[in-house]
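Peer 1: My questions will all concern the structure given below.
The values are calculated or read from the model by the stated rules, or taken from the named source; none is laboratory data. Since the structure is predicted, the reported quantities are computational estimates derived from the model, not experimental observations. With ideal geometry, Cβ positions are generated from the backbone for all residues, glycine too; neighbour counts draw on all protein chains shown. Heads up: the accessible areas ignore ligands, DNA and RNA and are worked out on the full protein's heavy atoms, side chains in. Shrake-Rupley method; radii C 1.70, N 1.55, O 1.52, S 1.80 Å.
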Amino acid sequence: MTVWRRKDLLSLYDLDADEIRLILDTAAEFKKVSERRLKKVPVLRGKTVVNFFVEPSTRTRTSFELAEQRLSADIINIAAVGSSLSKGETLLDTVKNIEALQADIIVMRHSAAGAHNFIASHLKCGVVNAGDGAHSHPTQALLDIFTIIEKKGSVEGLNVSIIGDIRHSRVARSDIWGLIKLGANVTIAGPSTLLPKEFEKIGVKVVDNLEAALEDADVVNLLRIQHERQKVSYFPSVNEYANIFGLNENTAKYLKKDAIIMHPGPINRGVELASSLADGPRSVILEQVTNGLAVRMAVLYLISTVE
Amino acid sequence: MTSQGTLLFDSGAVGTMLSQMADAIVADFPSGDIGNAVLIGIQTNGVPLARWLAREIESRRGGAEPSVGTLDISMYRDDIGKRLVLGRIHETDISFDIDDVPVILIDDVLRTGRTIRAALDAITDYGRPSMIKLAVLIDRGGHEFPIRADYIGSSVDVEGGGFVSVEWSGSGEDATVVLATS
């Protein structure tokens, strides 16, 4: 039997397949809590969770916060603006101060890849990675995989295509690690400037045209172009990107009838994904959001079981 | 664990206990009411017991089986974060309304009463039953909470740190009770 022994969730890269499955199985039971009339359980009663979002976030922070409330935790939210970071305090000093307030778990988003590994090694309290730069976003990948399993029964042997700005995407990296560990066939597609070839080494198929990514896919996950992380121009124009890599009524003809369409949000409608498809019957985008709550409850629960 | 344990009750004896428990439940919930009362088995060993009891109750009444639900109490434990190893969360499946109906909660072994305390909290988060009764196959003493069972297969007095467990055959149709001395 798999037993959870980690005080932190930093990256799916660290987890083995059984640990990932344990989180997903646990999430299935927490999903039911949100479907009850009384949507709260006393799992984190008396525990304090600090949401420390150095990089802005709406959906992830809201999802974590609601997950914590459903688990009966006491919650403190700290944003980078207005925190002592803006007064020149180091990250480690800030989180040590948070821990000194008897915080049990710190949920952090930070723009620097590896920031969580650094603070986790210095703290006794649990650390959950809510996104670090372009590196990792484990709870997003977990909710993606949870949603795929809910729709398709399993991820093993499924063809999953991730399309868009792979280079700057922590979602893509986390999805790839999780999906490969659970036996999916992963294809990535996008402009070649945004398509790191190193993923081929772990068995990911890298293609530079949309048709090749769509034709056998059981799942397509579309990513937003992350202009905020792009220091230089990687392709000529947004219009050109939409024409070549956008999923719309025209390009959707390459898709299998039962393929599902995913997007981690926020969507740039009409760029990577047309509105008619984002709101269409094959879209599972809002179910991803619902499942994110369950997955985050499961992660917080498992971490809280480790002293 | 089975191989090192002492057999306390063979499957025949367990069958007799369940039969007597079913008699007592049917006697307490006379005609009309039992169709209303629901059985909820505590994960994991209370679940096959609940199903077994439901069949026994049905055979006595010649009607439909009472509804059977399953309840996992992991989210209501009083030792989250205090134990190194917590078990996997199993399925909670209460797909019927428990408001204003009698609930019979079923577990295999009653020891400290802490599991039942957690189960009472969990159940009342699902609704407001008209009453909750507790049925256990084995009451082994050593209660730490003021909790007693209403239906007991057998009370076993265990010296020291012995561990009483109910061992199921693969089919879930056949159980024995074993005392392991650890």
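Peer 1: Excluding ligands, DNA and RNA, what is the accessible area buried between chains A and B, summed over both sides, using a 1.4 Å probe, to the nearest 100 Å²? Working shown, then result.
Peer 2: Values: alone 13550 and 9240 Å², together 20930 Å².
Summed over both sides, the interface buries about 1900 Å².
Peer 1: Which entries in the list A:Lys39/A:Lys205; A:Lys87/A:Lys124; A:Lys40/B:Lys82; A:Lys47/A:Lys231; A:Lys205/A:Lys257; A:Lys152/A:Lys205 go over 32 Å, if you measure between the two C-alpha atoms of each?
Peer 2: Numbers: A:Lys39/A:Lys205 42 Å; A:Lys87/A:Lys124 25 Å; A:Lys40/B:Lys82 21 Å; A:Lys47/A:Lys231 41 Å; A:Lys205/A:Lys257 22 Å; A:Lys152/A:Lys205 21 Å.
Too far apart for the 32 Å limit: A:Lys39/A:Lys205; A:Lys47/A:Lys231.
Peer 1: When ranked by the protection proxy of mean other Cβ atoms within 10 Å per residue, highest first, what sequence do the peptides A:227-236, A:273-282, A:17-26 form?
Peer 2: A:17-26, A:273-282, A:227-236
Peer 1: If you don't mind, there's one more thing I want to ask. First check a/c for chain B, with a ≥ b ≥ c the square roots of the eigenvalues of its C-alpha gyration tensor; if it is under 1.5, answer rounded, and if not, answer prolate when a/b is larger than b/c or oblate otherwise. Kindly include the intermediate steps, with their values, before the conclusion.
Peer 2: Numbers: a/c = 1.75, a/b = 1.20, b/c = 1.46.
Because a/c hits 1.5 or more and a/b fails to exceed b/c, chain B counts as oblate.
Peer 1: What's the magnitude of the charge dipole for the range A:138-287 around its Cα centre, counting Lys and Arg as +1 and Asp and Glu as -1 at the beta-carbon? Answer in Debye, nearest 20.
Peer 2: Numbers: 17 positive and 19 negative charges, 64 e Å.
It works out to roughly 300 debye.
Peer 1: Let me ask another. Determine the residues within the range B:63-81 where the difference in accessible area between the chain on its own and the full set of protein chains amounts to at least 20 Å²; count protein heavy atoms only and use a 1.4 Å probe.
Peer 2: With the partner chains in place, the range B:63-81 has these residues losing at least 20 Å²: B:Met75, B:Tyr76, B:Ile80, B:Gly81.
Peer 1: Let me ask something else. Which of the aspartates and glutamates could a cross-linker bridge to A:Lys96, judged by Cα under 16 Å and excluding same-chain residues fewer than eight apart?
Peer 2: Here the aspartates and glutamates satisfying the reach criterion relative to A:Lys96 are A:Asp8, A:Asp104.
Peer 1: Describe numerically, in nm with one decimal, the distance between label points set 7 Å from Cα along Cα→Cβ at A:Val81 and at A:Arg45.
Peer 2: Going by the 7 Å Cα→Cβ label model, 3.8 nm.
Peer 1: Give me the dipole magnitude in Debye, nearest 20, for chain B about the Cα centre, with unit charges on the beta carbon: positive for Lys and Arg, negative for Asp and Glu.
Peer 2: 360 debye
Peer 1: Probe radius 1.4 Å, ligands and nucleic acids ignored: give me the carbon and sulfur share of the accessible area of the range A:138-287 as a rounded percent.
Peer 2: 49 percent
Peer 1: Here is a follow-up. Quickly work out the A:Glu35-to-A:Gln69 label distance, labels modelled 7 Å from Cα along the C-beta direction, and quote it in nm with one decimal.
Peer 2: Label-label distance for A:Gln69 and A:Glu35, simple model: 2.2 nm.
Peer 1: Dipole of chain B (Lys/Arg Cβ +1, Asp/Glu Cβ -1, origin at the Cα centre): which of B:Ile57, B:Gly15, B:Phe145 lies farthest to the positive side?
Peer 2: B:Phe145
Peer 1: With each label point set 7 Å from Cα along the Cα-Cβ vector, what nm distance links A:Asp279 and A:Ala113?
Peer 2: Output for this residue pair reads 3.8 nm.
Peer 1: Using a simple charge model, +1 on the beta-carbon of Lys and Arg, -1 on the beta-carbon of Asp and Glu, nothing else, what dipole does the protein assembly as shown show about its Cα centre, in debye to the nearest 20?
Peer 2: 1360 debye
Peer 1: Moving on. If Rh is defined by the Kirkwood formula over all Cα pairs and Rg also comes from Cα, what ratio Rg/Rh do you get for the protein assembly as shown? Don't jump to the answer; show the numbers that get you there.
Peer 2: Values: Rg = 26.3 Å, Rh = 25.1 Å.
In the protein assembly as shown, Rg relative to Rh is 1.05.
Peer 1: What does the highest-first list of A:191-198, B:62-69 look like by mean Cβ count within 10 Å? Don't skip to the end; give the middle numbers.
Peer 2: Values: A:191-198: 14.5, B:62-69: 16.2.
Highest-to-lowest ranking by the protection proxy: B:62-69, A:191-198.
Peer 1: Moving on to the next point. Give me the inter-chain shielding for A:294-307: mean count of other chain Cβ atoms within 10 Å, whole number please.
Peer 2: 2
Peer 1: Then there is this: Give the distance, in whole Å, between the Cα centre of the range A:104-176 and the Cα centre of the range B:132-176.
Peer 2: That distance is 44 Å.
Peer 1: Still on this structure: For B:Arg55 and B:Ala24, FRET efficiency with R0 = 25 Å and r from the beta-carbon atoms, rounded to 0.05?
Peer 2: Efficiency, rounded to the nearest 0.05: 0.95.
Peer 1: Give the accessible area for B:Trp168 in Å² (nearest 10); use a 1.4 Å probe, count only protein heavy atoms, and leave out ligands, DNA and RNA.
Peer 2: The value for B:Trp168 is about 60 Å².
Peer 1: Compare the Cα positions of B:Gly81, B:Ser155, B:Leu39 along the charge dipole of chain B (+1 at Cβ of Lys, Arg; -1 at Cβ of Asp, Glu; about the Cα centre) and return the one farthest towards the positive end.
Peer 2: My answer, from the dipole projection, is B:Gly81.
Peer 1: Using the heavy atoms of the protein chains alone and a 1.4 angstrom probe, what is the accessible area of the protein assembly as shown per residue in square angstrom?
Peer 2: Roughly 43 Å² per residue, with all protein chains present.
Peer 1: Heavy-atom accessible surface, probe 1.4 Å, ligands and DNA/RNA ignored: which residues of the range A:37-68 lose at least 10 Å² versus the isolated chain?
Peer 2: The answer is A:Arg37, A:Leu38, A:Val41, A:Pro42, A:Val43, A:Lys47.
Peer 1: While we're here: Where Rh is the Kirkwood radius over the Cα pairs of the range A:244-307, the temperature 37 °C and the viscosity 0.692 mPa s, what D in µm²/s does Stokes-Einstein return?
Peer 2: My calculation gives 242 µm²/s for D.
Peer 1: Listed highest first by mean packing, meaning other Cβ atoms within 10 Å per residue, what order do A:291-301, A:102-112 come in?
Peer 2: Working: A:291-301: 26.5, A:102-112: 21.2.
The peptides rank, most packed first, as A:291-301, A:102-112.
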